[in-house]
Structure formats: C-alpha cells, structure tokens
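Asks: Mind having a look at this structure? Questions to follow.
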Amino acid sequence: MIVSSSAAPTGFWAATAMIAAIVLCSTAGEVLTAAAMKSIGDLDDIRAHSGMKGAIRAVLTCPLFFAGVSFLALAFFSLLFALNHLNLSLVAPASASLTLVTNAIAGKIFLKENVDRRRWASAVLVCIGVYLLAH
Amino acid sequence: MAHHKLLPRQYLILGLVALSAPLGDACLSRGMTHLPDITLAHPGTLIAAVFTPWIALGIALLIGFFACYLTALSWADLTFVLPATAFGYVIVALLSRFWLHDTISPERWAGIVLITLGVGFVANGPSSTERPALPAVSEEVEEEQLR
C-alpha cells in the first residue's frame, strides 16, 4: 500500500525506483567503506601503534573511504527525495531491511566474504524483523 | 589478521554501534520536533538548530557511531557487523516498553524475536573471513616476533 504525502499519488514503479535508488547507493557505500577499512587494517592496532592521529590519518588518506562516504551521502539524499513523495512508514523499513539482503549479496560477490548458511539465515531473519519493527 | 573470537573490547565497540545510532536519531528527532518550523526562507535557523542541546547531543552520538562502525569494519566482516548492529532497534523498542511504558504491538514483538534470532545466528559464527596472509606482512610479523 502506497499512500503519498503529496497531492498526486506516487505510482508503484516510481516508488520502487526511489526505494531501489536508496538501497543501491547505500549498498555501494557500505561495501566501499568496508573495503576501505579492510585495506587499512585493524584500527585498534594502528591506534595502539601510532595514536589516535595516526588512525584518523590512515582513514582520511584512503581514497576508497571517500568513494564509500560519497555513495552514503547519495543514499541520504535519495532518502530525502523519497520522503518528499512517500510515507516514512514505507520508506524507512523497506530500505533498511532490503539493504541487509543486498549487502549480504554484495559482501559475498565484491568483498569475497564467507557468507555461509548461518549468515544468509541471519540476514533474512533480521530483514523481516526490521520491517516488522519499523513498520 | 583474522580474529574469530571477539575480545570484550570488540563486543563493547559493537554494543556502542548498536546503541549510538538509534539513540542519536532519537535525540535529533526530539530536538527537531521542539523547534518551530524551519523554512527555506530562513536557512540560518537550521544552523542555529545544530547548537541546541538535543541536536548537538544527537550529532555527537552519530559521530561516535560512525567512528565505532569504522573500527568494527576494520576487524569484522560487513555481513557480521550489519546484522549485529540491527540489535539496537530491539534495545530501543525494549527501552520504550519498560522505561517509557509504550505499548508494543504483536507485529513489533515478532520483529524483536526475529532480529534477536538473526543476531544470535551470526554472533555464534566467525566474525571475519579467514584470508591467506600476504608474504610481506607475514615476514614483518616474523621479524617482530624474533625481536
């Protein structure tokens, strides 16, 4: 059920496209940020070795981190755009829960993470749970 | 270096990630609802809003969240960190039930049970994917061990 906050109701495909834009940008952002942090190494070790300044410098000098943050910013603006046309009670749970599943797929393909049966089950359970809780 | 068993300090970081994001959002929401309507004609009011106590606290919590989240991603997989952080929704729902005495609908209780089950599943497994160490890195480690 899609109820628009503006005068003209938003169609099914327009709503799907808006939510897909949030999910795709946010997945790209999370995967790039995770890849950046993996390439930097354990931040606790870096902080123990070269202090807080060294840890901040390690993060801020990583180009992948900025690529990730740019996509997360795009996801945020797509969310604002969607909220202008759709209700929060649809956009927030749909985007938050779908992102969990797309991240599991992207984590397996791009980050080569070992997404075993346990992690798939967890992603699906948390996805349905977040939808029910936030709806 | 792949840690399969998390240290207490690392559980603390995951707990902070789970708690600080929903609490930060709640502070922003509380701060913004107590302000008069902000229009594009007076964008300065938005800047002034940043310095009100609830919004400043919300922003501080969200900065803390991002720092802890990045730290967690540096030693654990994305597919481990994300479901674990969703537990924050459960903590906030339970706080609102027992502290603020809000009512929780059966659908929300079902959501709480599913997230708890999902987090339990992932928390029992390894936190990061084991990867073969790069030759250069392993040499450095050996050198350090010899010293």
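Asks: Limited to the stretch B:25-53, what total is found for residues that are touching a Phe, Trp or Tyr at 6+ places or on another chain (Cβ under 8 Å) and within 14 Å of chain A (Cβ to nearest Cβ)? Quick ask: steps written out before the conclusion?
Replies: Here is the first cut: in the stretch B:25-53, the ones touching a Phe, Trp or Tyr at 6+ places or on another chain (Cβ under 8 Å) are B:27-28, B:30-31, B:34.
So of that shortlist, the ones also within 14 Å of chain A (Cβ to nearest Cβ) come out as B:28.
Number satisfying all stated conditions: 1.
Yes/no per residue for (1) under 11 Å from the mean Cα position of the chain (by Cα); (2) over 23 Å from A:Gly129 (Cα atoms):
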| site | (1), (2) |
| --- | --- |
| A:Thr10 | no, yes |
| A:Ala14 | no, yes |
| A:Thr27 | yes, no |
| A:Thr33 | yes, yes |
| A:Asp44 | no, yes |
| A:Arg47 | no, yes |
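Yes/no per residue for (1) at pLDDT 95 or above; (2) basic (Lys, Arg); (3) exposed (fewer than 13 other Cβ atoms within 10 Å of the Cβ):
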{"site": "A:Ile19", "(1), (2), (3)": "no, no, no"}
{"site": "A:Cys25", "(1), (2), (3)": "yes, no, no"}
{"site": "A:Gly29", "(1), (2), (3)": "yes, no, no"}
{"site": "A:Lys38", "(1), (2), (3)": "no, yes, no"}
{"site": "A:Asp45", "(1), (2), (3)": "no, no, no"}
{"site": "A:Ala55", "(1), (2), (3)": "no, no, no"}
{"site": "A:Leu60", "(1), (2), (3)": "no, no, yes"}
{"site": "A:Ser70", "(1), (2), (3)": "yes, no, no"}
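Asks: Moving to a separate point now. Kindly establish whether A:Ser78 is part of a helix (DSSP H, G or I), farther than 17 Å from B:Leu73 by Cα and touching a residue at least 24 places away in the same chain (Cβ under 8 Å).
Replies: Numbers: part of a helix (DSSP H, G or I): yes; farther than 17 Å from B:Leu73 by Cα: yes; touching a residue at least 24 places away in the same chain (Cβ under 8 Å): yes.
Yes; evaluated as a whole, the condition is true for this residue.
Asks: Mind counting the residues in the stretch B:89-118 that are more than 7 Å from every other protein chain (Cβ to nearest Cβ) and under 15 Å from B:Leu19 (Cβ atoms)?
Replies: At the first step, the residues of the stretch B:89-118 found to be more than 7 Å from every other protein chain (Cβ to nearest Cβ) are B:90-92, B:94-106, B:109, B:113, B:116.
Checking which are under 15 Å from B:Leu19 (Cβ atoms) leaves us with B:90-92, B:94-96, B:99.
Total meeting the criteria: 7.
Asks: Looking for whichever is β-branched (Val, Ile, Thr) and either in contact with a strand residue (DSSP E or B) (Cβ under 9 Å, 6 or more places away or on another chain) or touching a residue at least 60 places away in the same chain (Cβ under 8 Å) (or both) here; the options are B:Ile91, B:Ile13, B:Ile63. Which one fits? Break it down into steps so the answer makes sense when it comes.
Replies: Values: B:Ile13 fails: either in contact with a strand residue (DSSP E or B) (Cβ under 9 Å, 6 or more places away or on another chain) or touching a residue at least 60 places away in the same chain (Cβ under 8 Å) (or both); B:Ile63 fails: either in contact with a strand residue (DSSP E or B) (Cβ under 9 Å, 6 or more places away or on another chain) or touching a residue at least 60 places away in the same chain (Cβ under 8 Å) (or both).
Exactly one residue qualifies, and that residue is B:Ile91.
Asks: Under 9 Å by Cβ, and 6 or more places apart or on different chains, what pairs join a residue from the stretch A:37-52 that is at the interface with chain B (Cβ under 10 Å from one of its Cβ atoms) with one that is among the acidic types (Asp, Glu)?
Replies: A:Lys38/B:Asp77
Asks: If you don't mind, there's one more thing I want to ask. So which helices (runs of 4 or more DSSP H) are wholly in the stretch B:34-98 and hold at least 2 residues that are at pLDDT below 90?
Replies: Details: elements: B:44-50, B:53-75, B:78-85, B:87-98.
Because the criterion is at least 2 residues that are at pLDDT below 90, the helices (runs of 4 or more DSSP H) in the stretch B:34-98 that meet it are B:44-50, B:78-85, B:87-98.
Asks: Restricting attention to the stretch A:91-135, which residues are over 20 Å from B:Gly111 (Cβ atoms), facing another protein chain (nearest Cβ under 7 Å) and in contact (Cβ under 8 Å) with a residue 24 or more places away in the chain?
Replies: A:Gly107, A:Leu111
Asks: Here is a follow-up. Can you give me the number of residues within the stretch B:99-147 that are at pLDDT below 75 and either assigned to a helix (DSSP H, G or I) or touching a helix residue (DSSP H, G or I) at 6+ places or on another chain (Cβ under 6 Å) (or both)?
Replies: 12
The values are calculated or read from the model by the stated rules, or taken from the named source; none is laboratory data. Everything quoted here is computed from the prediction, not taken from an experiment. No Cβ is skipped: glycine too gets one built from the backbone with ideal geometry, and neighbour counts run over all protein chains shown.
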